[in-house]
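The values are calculated or read from the model by the stated rules, or taken from the named source; none is laboratory data. Computed from a prediction, not measured in an experiment: that's the story for all the values here. Quick reminder, even Gly has a Cβ in these numbers, built from the backbone with ideal geometry, and neighbours come from all protein chains shown.
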Amino acid sequence: MTAIGWLQIGILFALVLVCVKPLGGYMARVFQGERTPLTIVLGPIERGFYRLAGVDPAKEQGWFAYTVAMIVFNAAGFLLLYLILRLQGFFPLNPQGFSAVAPDLAFNTAISFVTNTNWQAYGGETTMSHFAQMTGLTVQNFLSAATGIALAIAFVRAFARSGAAYVGNFWVDMTRATLYVLLPFSVIVALAFVASGLPQTLLASVDVKTLEGAAQTIAIGPVASQEAIKQLGTNGGGFFNVNSAHPFENPNAISNLISIWAMLAISASLPYTFGKMAGDTRQGWALLLAMLVILVAGVGIAYWAEAGGNPAFAAFGIDPSSGNLEGKEVRFGVVMSALYAAVTTGLSCGAVNAMHDSFTPLAGMIPLIMIKLGEVLPGGVGSGLYGMLIFAILAVFIAGLMVGRTPEYLGKKIEAREMKLAMFAVLILPLCILGFSAAAANLPFALESLANNGPHGLSEILYAYSSATGNNGSAFAGLSANTKWYNTTLGISMLLGRFAYIVPMMAIAGSLAAKKRSPASAGTFPTHTPLFVGLLIGVILIVGGLQFFPALALGPIVEHLLMLAGKTF
Amino acid sequence: MFVHLRPAFVLLILMTVLTGICYPLAVTGVAQAVMPAQANGSLILRGDQIVGSELIGQNFTSDRYFRARLSATVAPDPKDDTKTIDAPYNAANSSGSNFGPLSKKLIDRIKADAEQLAKESGGKRLPADAVTASASGLDPHISPAYAALQVARVAGARGLPIERVAQLVAEHTEGRFLGVFGELRVNVLKLNLALDRSKP
């Protein structure tokens, strides 16, 4: 580890933190229906959309109607994307003449993009036409992110309102998230990306004759526009197979900086939006602080392990000073790769600029842990905030048990109904991850997909189901996941990880919105203090972490010990 | 549920037009008009021939050129398209090795390469990027240390003075952005083009 490495990490987080207040405040205005500087341009488009869709923006929905509208919209999105993938051979903008995506892969990919997971069992440049990348994948990058933000805003209203029957209008929240938040920022980031070197063309490939006279076909396309929303929407589904490690997706330190900033910006600002809308911004800062403490610890451990490198290499006379460079790009080195890996998994982004599969065991365990902690550090756009609010409810409940008081969060009493629903939501993650991993580890045809033997093979399986259920999308990419078994079971994991979490979460929103907000009294446990932040961190680590410890012990932890003993597989 | 069908499908179509067609085409239009070099892939022309992209690495095997990093990219086997063959720097199919840290294949590969390179290094420690595969398989850069290791070989093969080749390496060493971000690196393709210009 070096001082300049830590300086890069520090400046990056500072750049994100200075945006929290302006961006978070802007989003609060957008979702409270106030005028913004962009209203003059986007207002007419917004009203036109509502008129054509038959939406009355003034009419709000209760939690159930809101949730059903969201599910119908996502089901329609899944259907359209599935058809585009299956029929891409008949559409224009297919310069390489790619034929239909196979049914199981199209099922997996459509779920993957609709659930904001962006798990990719395919290589983009060898599978997808430009038409599919643009009208299929890019669109769901926007809409799945907008869905997440809308749901978080509905959950926030449950705390902000008192004795309310309604939590908002899904169509309005989703449209505003797309028009006022995601689209304008995507245009700016996409153009900044092009300036830093990302291509943006409708051509498919360039044929060159190399200096040594060999033929090289360079895949190319409308990369920058997809990358911008991929990062801003914490989607993570790249244009190329190796994602942001590809020099066309991420050519230099500038594009890397923009990438990391863009994936963090909205998720880190939403807690402030929450505080603003709930009338106490300190509450938002407390949530953000808890998120960042764990995230920075993860960055530090991953950086330390990667900088330490693989002791086996040093034995062959290799200079250990630049760390473990297998599966990394020279322009990023270990620090930018470790930072990217921890951030992309603390968020539910899943973009990668290095191959996590080739990380040293403990560094590879960090992304795995970040996902297993529930994707709240600070999590996907929207999903991170509502996930964190569920943890906050659990934290006040546990604090309430300790002192024998009825727990409250922002003046809302947390009672048996909310706790049952919260536990249901929280248990989806271990159920899918451990259940499917246990099955895959016992099925010979599932084990054939492994690229590595020994404990690393188990890590590959665990990572796949964690990534899918957590709606992350990054991978230990050695696993050959494009098989019927993995496409199907990972597809189911993504669906449950997204919607089986959302439904109880929204039921809690409905029940909390209906409650009266009681004023703070001397006996109220304050939820903006360092004590609460510490408690919240503890709850995340215990609830999110302990249930996975045995699995981690059999994967990366035992692998680390075997590495120190010089064993290979 | 049925009351939601009209908004769901109408908004989906409208959003597809807006974010799936208007947005990428507008960005393409602006990018092509204002920044055509980057938008078309930062291609390098020699005469009227495209010899590569400055962002995409190439495979170099000759002693007359600086070698790039190991690349794990593959291509379909022309004899049997269910199989693949090694095809380093295949820019139509990016890929890393995905070997885990305890992989026997990885350790054996590194051992063999390190023994080979040790002859060139004259007993000095080898830079890590000389024996590791990049994430993309298309890494255009090597570290200044790996370039320094190759100077004597390239100078010998070309009959150039060592100082001249070392000077070219120094000229092509790129620093950190703002002195802080990223790593020191040498663009192998640009360096090799400069070598060709200096003595074909």
**Q.** Residue within segment A:253-273 that is without any contact (Cβ under 8 Å) to a residue 60 or more places away in the chain and assigned by TED's automatic domain parsing to the domain that holds A:M355 present
**A.** no
Q. For segment A:176-202, which residues satisfy the criterion of being under 18 Å from the mean Cα position of the chain (by Cα) and of a type outside the set (A, V, I, L, M)?
A. A:T178, A:F185, A:S186
Q. So which pairs qualify, if the first residue must be in segment A:352-370 and under 18 Å from B:S71 (Cβ atoms) and within 7 Å of chain B (Cβ to nearest Cβ), the second must be outside any helix (DSSP H, G or I) and of a type in the set (D, E), the Cβ gap must be under 6 Å, and the two must be at least 6 apart or on different chains?
A. A:S358/A:E326
Q) Which of the residues spanning segment A:209-232 are within 7 Å of chain B (Cβ to nearest Cβ) and touching a strand residue (DSSP E or B) at 6+ places or on another chain (Cβ under 8 Å)? A) A:K209, A:T210, A:L211, A:Q216, A:T217, A:I218, A:A219, A:I220
Q.
Looking at (1) β-branched (V, I, T); (2) touching a Gly at 6+ places or on another chain (Cβ under 8 Å); (3) without any contact (Cβ under 8 Å) to a residue 12 or more places away in the chain, which one does B:I44 not meet, given that it meets all the others?
A. (3)
Q.
On the basis of being buried (at least 24 other Cβ atoms within 10 Å of the Cβ) and facing chain B (nearest Cβ under 9 Å), does A:S205 make the cut?
A. no
**Q.** Failed item in (1) buried (at least 24 other Cβ atoms within 10 Å of the Cβ); (2) on the phi > 0 side of the Ramachandran plot, with A:G404 passing the rest
**A.** (1)
(Q) Among the residues that make up segment A:314-324, is at least one of them polar (S, T, N, Q), buried (at least 24 other Cβ atoms within 10 Å of the Cβ) and at pLDDT below 95? (A) no
Q.
Going by what's in this entry, would B:V180 be described as among the hydrophobic types (A, V, I, L, M, F, W, C) and at pLDDT below 95?
A. yes
Q: Could you look through segment B:87-104, keep only residues that are within 7 Å of chain A (Cβ to nearest Cβ) and among the hydrophobic types (A, V, I, L, M, F, W, C), and pick out the one that is nearest to the chain's Cα centre (by Cα)?
A: B:A91
Q: Could you tell me whether A:N116 is at pLDDT 95 or above, surrounded by 24 or more Cβ atoms within 10 Å (Cβ to Cβ) and in a loop (DSSP other than H, G, I, E, B)?
A: yes
Q) So which residues in segment B:96-127 are assigned to a loop (DSSP other than H, G, I, E, B), among the small types (G, A, S) and on the phi < 0 side of the Ramachandran plot? A) B:G96, B:S97, B:G100, B:S103
Q) Regarding B:V186, is this residue on the phi < 0 side of the Ramachandran plot and facing chain A (nearest Cβ under 7 Å)? A) no
Q: Looking only at segment B:110-136, count how many residues are in contact (Cβ under 8 Å) with a residue 12 or more places away in the chain and either more than 7 Å from chain A (Cβ to nearest Cβ) or among the β-branched types (V, I, T) (or both).
A: 9
**Q.** Residue that is under 30 Å from A:F113 (Cβ atoms), part of a helix (DSSP H, G or I), in the same structural domain as A:G298 (by TED's automatic domain parsing) and not charged (D, E, K, R), where the choices are A:I537, A:I508
**A.** A:I508
Q) Where in segment A:130-231 are there helices (runs of 4 or more DSSP H), lying fully within it, with 1 or more residues that are assigned by TED's automatic domain parsing to the domain that holds A:G62 and modelled with pLDDT under 95? A) none
